[in-house]
Amino acid sequence: MILSRYNINKINAEGVALPRADIFSLPEKVLQFGTGVLLRGLTDYVIDKANREGLFNGRIVVVKSTSNGSTTDFDQQDGLYTLHIRGIEDGNSVQDAVVCSAISRVLSATDEWETVLKKAYDPNLKVIISNTTETGIQLVQDNITKHPPVSFPGKLLAILYERYKAFNGSDKSGLVIVPTELIVDNGKKLEAIVLELAHLNQLPPAFMDWLENCNHFCNSLVDRIVPGKPDKALNTELEKQFGYKDNLRVVAEPYCLWAIEGNDEVKDILSFALAHPGIVITPDIEIYRELKLRLLNGTHTLTCAIAYLSGFKTVKDAMNNSTFAQFTSQLMLSEITPDIPYPVDNGAAAQFAGQVLDRFMNPYIEHQWLSISVQYASKLKSRVVPLLLHHYGRSTEVPEGFALGFAAFIRFMKVVNEGGKFTGEVNGEHYEVTDVHAEAFYKAWTKGDINKVVDNVLKNSYLWETDLTQLPGFKDAVVRDLDAIMKTGSMQVLEDFENKSLVK
């Protein structure tokens with residue numbers, strides 16, 4: 001039995017939340033560009049939850065922007081899909097399942113562009129959401145009279161211009177536009193591109209005024225690990241457990257953040273935010289970006305080499321080791337949090353750190369350390385170096401966790417060049433290093449002497465845009481830790497680090 005609106009009443013399995021019949025008659029309030037698992041696992045889920053609680057009362061028309069694939073699975077299942085939320089929350093195991101019914105229909109931009117444009121005439125339409133990947137928000141010389149325009153901003157402009165004409169430029173006909181692409185200031189950048197395209201397409205000045213003054217382009221930040229469709233074994237298990245087939249089944253972690261930059265008017269329109277504490281609408285979302293960038297991404301980056309050199313292949317495996325878990329917790333709370341270059345409430349930081357630890361320990365997600373290590377040097381520069389510089393702006397004491405993280409990183413980047421392919425080796429196993437700066441580390445390691453290697457790496461202003469050897473005591477600490485890693489191994493150094501911390 002395939003999941004569909006017709007078959008909903010035939011599902012009698014325990015542990016899955018099914019939609020009420022009246023939800024299918026709700027008006028279409030949202031136009032969404034993108035069919036990907038992040039949207040289904042986060043934004044669409046939140047709207048579905050709000051509809052169940054009577055808080056938003058609107059469904060989503062999804063636009064499939066690319067010509068790859070088809071809408072067949074969505075058509076066969078009437079837009080329904082099962083979201084399985086699995087992981088750790090507040091230290092407790094979570095295994096929830098919900099049949100999401102927020103999606104009303106899925107339209108192909110390639111084949112059904114006229115139907116997409118007709119949505120602009122619907123007075124119920126209030127919101128546009130997108131996730132077209134980071135490359136989707138860029139300026140392309142686009143003609144909006146094409147069917148369809150080539151780029152996402154071109155498609156969006158075509159719809160907004162149609163909207164303007166449909167309602168004669170009414171002040172009340174503007175929309176709230178929330179891009180979720182993972183770039184900083186995504187809303188502002190999208191607005192600037194749309195305005196530039198409007199000029200290039202020589203649209204009327206009155207439309208330009210309406211575009212700028214009657215629509216809200218909101219910066220937003222999304223954060224939820226959504227691995228997507230379960231693997232074959234798990235999918236078979238879930239089909240057997242719940243008694244139906246679902247070709248759109250999605251797995252996600254419990255943690256959920258969607259921070260949206262907006263005023264009270266935006267908050268009133270996006271009433272679905274009331275359905276989940278992880279959905280935040282505020283005039284400034286920078287604090288959420290900083291917490292994610294430093295405590296989640298920064299911790300991943302600083303501990304990646306330590307974990308991999310210690311023999312752990314996944315984040316879950318490393319967090320199951322008490323020594324590594326203790327080091328990670330201490331690093332977040334004692335070193336990273338005080339050095340975030342942004343005013344952060346200690347209570348908020350501690351709460352976020354606790355959520356990060358829950359996420360790291362999720363037994364249902366196989367997050368590979370080698371995947372985290374991709375473009376390692378650039379990640380250290382953007383995520384960690386600002387913390388390090390901020391630390392030395394307030395203290396001359398060496399941040400020992402940072403020093404160990406850098407030492408392990410330099411050891412991880414001890415590579416050989418095999419015809420342009422850079423590989424490292426630890427415990428007899430070879431691994432590939434995917435980093436545009438790998439050659440710089442290959443050359444640094446030809447210096448031989450550890451002191452010279454560290455000196456060469458830390459003073460490389462091309463990598464860091466600063467000379468890290470000028471930070472009091474930092475180079476010596478990195479040399480000491482790297483020497484220890486080379487002699488006794490990363491795990492032993494980590495255990496010694498824990499013992500020193502206990503003595504303190």
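Accessible surface computed residue by residue for the chain, with neighbouring protein chains in place and a 1.4 Å probe, gives 42 Å² per residue. Starting from the Cα of residue 267, draw a straight line to each of the aspartates and glutamates and keep only those under 15 Å, dropping any in the same chain fewer than 8 residues away. The reachable aspartates and glutamates, counting only those whose Cα sits under 15 Å from residue 267, are 284.
Using a probe radius of 1.4 angstrom, the carbon and sulfur fraction of the accessible surface of segment 433-504 is 47%.
Convex hull volume per residue, computed on the Cα atoms of segment 458-504, equals 91 Å³. Normalised by the number of residues in segment 232-352, the mean separation of alpha-carbon contacts (under 8 Å, six or more apart) gives a relative contact order of 20 percent. Reported to the nearest whole Å, the Cα centre-to-centre distance from segment 95-124 to segment 287-338 is 39. Rolling a 1.4 Å probe over the protein chains gives residue 497 an accessible area of about 30 Å². Averaging sequence separations of C-alpha pairs under 8 Å and six or more residues apart, then dividing by the length of the chain, give the relative contact order as a whole percent. Averaging sequence separation for qualifying contacts and normalising by length gives 13 percent for the chain. Taking the DSSP beta bridges in the chain as the whole, what percent of them are antiparallel, to the nearest 5? Of all bridge pairs located within the chain, approximately 45 percent are antiparallel. As I understand it, the value is the acute angle between the Cα axis of helix 474-488 and the longest principal axis of the Cα atoms of the chain; what does it come to in degrees, rounded to 10? Helix 474-488 and the main axis of the chain meet at about 80 degrees. Test of understanding: extend the Cα→C-beta vector of residue 466 to 7 Å, then name every residue of segment 390-409 with backbone N under 15 Å from that spot. Within reach of a label on residue 466: 390-399, 402-403. Label positions at residue 183 and residue 237, each projected 7 Å from the Cα along the C-beta direction, are separated by 3.9 nm.
Computed from phi, the 3J(HN,Hα) profile of segment 199-205 under the Karplus parametrisation 6.51, -1.76, 1.60 (θ = phi - 60°) reads 5, 4, 8, 6, 7, x, x Hz, with x in place of Gly and Pro. Take 109-117, 478-486 and order them by the average number of nearby Cβ atoms within 10 Å per residue, most first; the result is 478-486, 109-117. Among 313/421; 232/379; 49/119; 189/229; 232/316, which pairs are too far apart, with a Cα-Cα distance over 28 Å? Too far apart for the 28 Å limit: 232/379; 189/229. Here the accessible area of segment 176-257 is 51 percent carbon and sulfur, with a 1.4 angstrom probe and all protein chains present. Look at where the Cα atoms of segment 5-25 and of segment 383-406 average out, and the two centres are 53 Å apart. The orientation-averaged shadow of the Cα convex hull for the chain, equal to a quarter of the hull surface, comes to 25.7 nm². When a 1.4 Å probe is rolled over the protein heavy atoms, the share of accessible surface on segment 307-349 that falls to carbon and sulfur comes to 47 percent. Sorting 302-309, 338-345 by average packing, meaning the other beta carbons within 10 Å per residue, from highest down gives 302-309, 338-345. Converting phi to 3J(HN,Hα) with the Karplus coefficients 6.51, -1.76 and 1.60 and the offset θ = phi - 60°, segment 379-385 yields 5, 4, 4, 7, 9, 10, 4 Hz in sequence order, with x at every glycine or proline.
The values are calculated or read from the model by the stated rules, or taken from the named source; none is laboratory data. If you're wondering where the values come from, they're calculated on a predicted model, not measured in any experiment. So basically every Cβ, Gly included, is an ideal-geometry build from the backbone, and we count neighbours across all protein chains shown. Protein only, heavy atoms only, side chains kept; ligands, DNA and RNA dropped before computing areas. Shrake-Rupley method; radii C 1.70, N 1.55, O 1.52, S 1.80 Å.
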